[in-house]
Amino acid sequence: MYYFVSDVHLGCGDEATSRQVEARFTAWLDTIASDAEAVFIIGDLFDFWFEYKRVIPKAPVRVLGRLAALTDRGVRVVFLTGNHDMWVRDFFEKECGMEVYTSPQTILLAGKRLFLAHGDNMKIDNQPLLRLMNAVFRSKLLKSLFSALVHPDCALRFGQWWSGKSRKSHDVEELGEHITEPLIAYAREYRAAEQPDYFIFGHMHQPRDFSEGNLRVLCLGEWGHDPVYAVMDREGRIALKKF
Ligand SMILES: [Mn+2]
């Protein structure tokens, strides 16, 4: 089986909440370990991740251990970073044996063509401010400067504050399927060029299984309240499931 998950936001909230989410996600990893051939983590695994050349954040070690154990057994674990954890270096590849991508990917799996993307930065061509922020946050030079000049404790404190802020602005919007509309619009447009069988997105924290003709878009849930993931079998049949 092939599993797709996003928006775990490990480390989010107070200590008790963050332990609870860690336990939930760890239990899920243990459940799928029996039949997983590959696990795709489609962004925001962490509420905030900033990695130095030799320093990583204090992070939920049980999850990191589980992921490493999966790859040790030959399970493919792929991590597409989200807007909360784009500042990765080589830790996940070197220490956990994962594949890491910082941009959307089209992959072939079980005879299907899948377009995977966290879902931030879609359709930002007409939004100069978003484009600028994107360029700033993804700049390699800035990341190096920040790493060289800012003590990890300060960087992490800033990051946690920033993550909390962006999450709060997310929370005030009422949830509902309509918030995934921009992703569906993106999929409609993009389908002409690449013809994927399935689009899988995270980011909106609103699960949705959308079909229109032969367009299929799956949006995943978040693990604080709505742990909805996608699973695809060897025949290429895909579905959303709640843990
Ligand atoms: Mn998220």
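The values are calculated or read from the model by the stated rules, or taken from the named source; none is laboratory data. In this text, all values refer to a predicted model and were calculated from it rather than measured experimentally. Cβ coordinates were reconstructed from backbone atoms using ideal geometry, including for glycine residues, and neighbour counts include every protein chain displayed.
Being under 20 Å from the mean Cα position of the chain (by Cα), touching a residue at least 12 places away in the same chain (Cβ under 8 Å) and either assigned to a helix (DSSP H, G or I) or surrounded by fewer than 19 Cβ atoms within 10 Å (Cβ to Cβ) (or both) is the requirement here; does I200 meet it?
Working: under 20 Å from the mean Cα position of the chain (by Cα): yes; touching a residue at least 12 places away in the same chain (Cβ under 8 Å): yes; either assigned to a helix (DSSP H, G or I) or surrounded by fewer than 19 Cβ atoms within 10 Å (Cβ to Cβ) (or both): no.
Against the criterion (under 20 Å from the mean Cα position of the chain (by Cα), touching a residue at least 12 places away in the same chain (Cβ under 8 Å) and either assigned to a helix (DSSP H, G or I) or surrounded by fewer than 19 Cβ atoms within 10 Å (Cβ to Cβ) (or both)), I200 does not qualify.
Report yes if some residue within segment 180-190 is more than 16 Å from the ligand (Cβ to nearest atom), of a type in the set (D, E), within 30 Å of S18 (Cα to Cα) and modelled with pLDDT under 90; otherwise report no. I'd like the intermediate steps shown before the answer.
Of segment 180-190, the ones more than 16 Å from the ligand (Cβ to nearest atom) are 181, 184-190.
Then keep just the ones that are of a type in the set (D, E); that gives 181, 189.
With within 30 Å of S18 (Cα to Cα) added as a condition, the list becomes 181.
This time we only want the ones that are modelled with pLDDT under 90, so: none.
Within segment 180-190, none of the residues are more than 16 Å from the ligand (Cβ to nearest atom), of a type in the set (D, E), within 30 Å of S18 (Cα to Cα) and modelled with pLDDT under 90.
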Among R66, R24, R54, the single one that is basic (K, R) and either within 16 Å of the ligand (Cβ to nearest atom) or in contact with a strand residue (DSSP E or B) (Cβ under 7 Å, 6 or more places away or on another chain) (or both) is R24
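Given the criterion out of contact with any strand residue (DSSP E or B) (no Cβ under 9 Å at 6 or more places or on another chain), within 14 Å of the ligand (Cβ to nearest atom) and within 25 Å of G11 (Cα to Cα), identify the matching residue among L175, L220.
Details: L220 fails: out of contact with any strand residue (DSSP E or B) (no Cβ under 9 Å at 6 or more places or on another chain).
Step by step, each of L175, L220 is checked, and only L175 is out of contact with any strand residue (DSSP E or B) (no Cβ under 9 Å at 6 or more places or on another chain), within 14 Å of the ligand (Cβ to nearest atom) and within 25 Å of G11 (Cα to Cα).
Does I42 fit the bill of being of a type in the set (A, V, I, L, M, F, W, C), more than 12 Å from the ligand (Cβ to nearest atom) and at pLDDT 95 or above? Even if it seems obvious, please write down each step before you answer.
Values: of a type in the set (A, V, I, L, M, F, W, C): yes; more than 12 Å from the ligand (Cβ to nearest atom): no; at pLDDT 95 or above: yes.
So I42 does not fit the description; no.
Are any of the residues in segment 45-55 under 23 Å from A239 (Cβ atoms), of a type in the set (A, V, I, L, M) and touching a residue at least 60 places away in the same chain (Cβ under 8 Å)?
Narrowing segment 45-55 to residues under 23 Å from A239 (Cβ atoms): 45.
Filter once more, keeping what is of a type in the set (A, V, I, L, M): 45.
Then drop every residue that is not touching a residue at least 60 places away in the same chain (Cβ under 8 Å), which leaves none.
No, segment 45-55 has no match at all.
Of all residues in segment 103-121, which are of a type in the set (A, V, I, L, M, F, W, C) and more than 20 Å from G221 (Cβ to Cβ)?
Here is the first cut: in segment 103-121, the ones of a type in the set (A, V, I, L, M, F, W, C) are 107-110, 114-117.
Scanning segment 103-121 gives I107, L108, L109, A110.
Sort out which residues of segment 74-94 are more than 16 Å from the ligand (Cβ to nearest atom) and either without any contact (Cβ under 8 Å) to a residue 12 or more places away in the chain or β-branched (V, I, T) (or both), and write them in order of number. Break it down stepwise before answering.
First, the residues of segment 74-94 that are more than 16 Å from the ligand (Cβ to nearest atom): 74-78, 89-94.
Once the filter is applied, which keeps residues that are more than 16 Å from the ligand (Cβ to nearest atom) and either without any contact (Cβ under 8 Å) to a residue 12 or more places away in the chain or β-branched (V, I, T) (or both), segment 74-94 yields G74, V75, V77, V78, D90, E93, K94.
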